[in-house]
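This report refers to the structure that appears directly beneath it.
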Amino acid sequence: MRPQELKLLVIFDAIMIEGSVTRAAEQLSMTQPAVSNAVSKMRVLWKDELFVPDGRNIQPTTFANNLWIKVRDSLHNLNEAIEPGDFDPMTAKRTFRVALPDIVVDTIWSDMRLLFEQQAPGLNLYAIPYAIASTKQVLDDAEVDLVIGQGNRSLENICTDHLFNTSYVCAMRTQHPLTKSHLSIKAFANGEHLLVTLSGNTANPTDQALQQLGFTRRVAFTVNKFSSAVPMILKSDLIAILPTDLIHDYLAFPGLAVVPPPVSIPHSSISMMWHRRLNADEGLIWLRSQIKQLLVEQREQKVREVCEHFGLDYQVISQ
């Protein structure tokens, strides 16, 4: 390989990661015309169009995708070997992309912004929509640097760091008929349910727990983000099984009733996940440590406050 082609591969890698010639130029500290000129050279040398316009972004061709699969890890390892310098958040300039559900954004994003203003003024942090099924793909394709969601230790080349196990409560409006007496499994199963589903799939652990006891329920409505759930409940006769920490933002609302679920719902492991090729990335290591500290500490405090407010047993809810 000629030195010219190695330089072109570095530019090619940046374009594939950023999905934009402009953003790649910013990352490489090059001008946009210089990167565009490099793309023209790539097309001549590699005899392929490589990138096609897609609005303000670009989409790689099949050849480009196949080439990147072959070279991306080697390029990253080579860069780490040549420039292993320490990461300094105060001087670093970089954009992190994190796929995560809206409940996590609501929990820590404001505090992360304050942290960046104080300790990392040159860093950007982008929240990307989270889909459980696409975790491996978005990390393999470097569409994001990090995923926060349901952990899966069986994904090849994906590293996992456990954050916490979810805990759930049953929520409804205070004037709901089911608040008049102890919530039995039968009454719960016969209620009209609201389900938060990020993927659109309506099968979840609550249904599995009911089926084991010989019951089924009716999911009458679904929403695709957590922040929509409680407002729906407060204005209707829907009931929902929701993460405990989601309820925290509504403690001041007098119209919300919360009780322990009448069935035992398996907890989900919430984790941070990243590709193995970024395992030694000092910038990502720094970001993960900040997110973990904020998320774990704030979540435990919120769950305790929810339990205290509604008279719930913290040990039972959080176990």
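The values are calculated or read from the model by the stated rules, or taken from the named source; none is laboratory data. Given the structure is predicted, the values throughout are model-derived calculations rather than measurements. Reconstructed Cβ throughout: ideal geometry from the backbone, glycine too, with neighbour counts over all protein chains shown. Heavy atoms of the whole protein, side chains included, go into the accessibility calculation; ligands, DNA and RNA do not. Shrake-Rupley method; radii C 1.70, N 1.55, O 1.52, S 1.80 Å.
For residue 221, the solvent-accessible surface with a 1.4 Å probe is about 110 Å², rounded to the nearest 10. Classify the range 88-136 as rounded, prolate or oblate from the Cα gyration tensor: take a ≥ b ≥ c as the square roots of its eigenvalues, call it rounded if a/c is under 1.5, otherwise prolate when a/b beats b/c and oblate if not. The shape class here is oblate. Each Cα pair under 8 Å and six or more residues apart adds its separation to the average, and for the chain the resulting relative contact order is 19 percent. Cα centroid separation, the range 259-319 to the range 108-180: 10 Å. Rolling a 1.4 Å probe across the protein heavy atoms gives the chain an accessible surface of 53 Å² per residue. Once the trypsin sites (Lys or Arg not before Pro) in DSSP loops with at most 10 neighbouring Cβ atoms within 10 Å are cut out of the chain, the longest remaining piece is 57-234.
For the set 7/47; 136/302; 70/292; 180/235; 186/225, the pairs lying more than 21 angstrom apart at their alpha carbons are 136/302; 70/292; 186/225.
Could you work out what % of the accessible surface of the range 103-228 is carbon and sulfur, using a 1.4 angstrom probe and leaving DNA, RNA and ligands out of the count? In the range 103-228, the share of accessible area belonging to carbon and sulfur is 47 percent. Relative contact order, whole percent, for the range 229-319 stands at 36, derived from Cα pairs under 8 Å and 6 or more residues apart. The H on the amide N of residue 173, modeled in the peptide plane, is under 5 Å from the matching H of 257, each at least 5 residues off or on a different chain. Cross-link partners for residue 41 among the aspartates and glutamates, with Cα-Cα distance under 12 Å and sequence neighbours closer than 8 places in the same chain left out: 5, 49.
When +1 charges are put on Lys and Arg Cβ atoms and -1 charges on Asp and Glu Cβ atoms, the dipole computed for the range 160-319 relative to its Cα centre reaches about 380 debye. Here the chain is treated with +1 on each Lys and Arg Cβ and -1 on each Asp and Glu Cβ, and its dipole about the Cα centre works out to around 660 debye. Under the classification rounded if a/c is under 1.5, otherwise prolate if a/b is larger than b/c and oblate if not, where does the range 199-280 fall, given a ≥ b ≥ c as square roots of the Cα gyration tensor eigenvalues? In terms of gyration-tensor shape, oblate.
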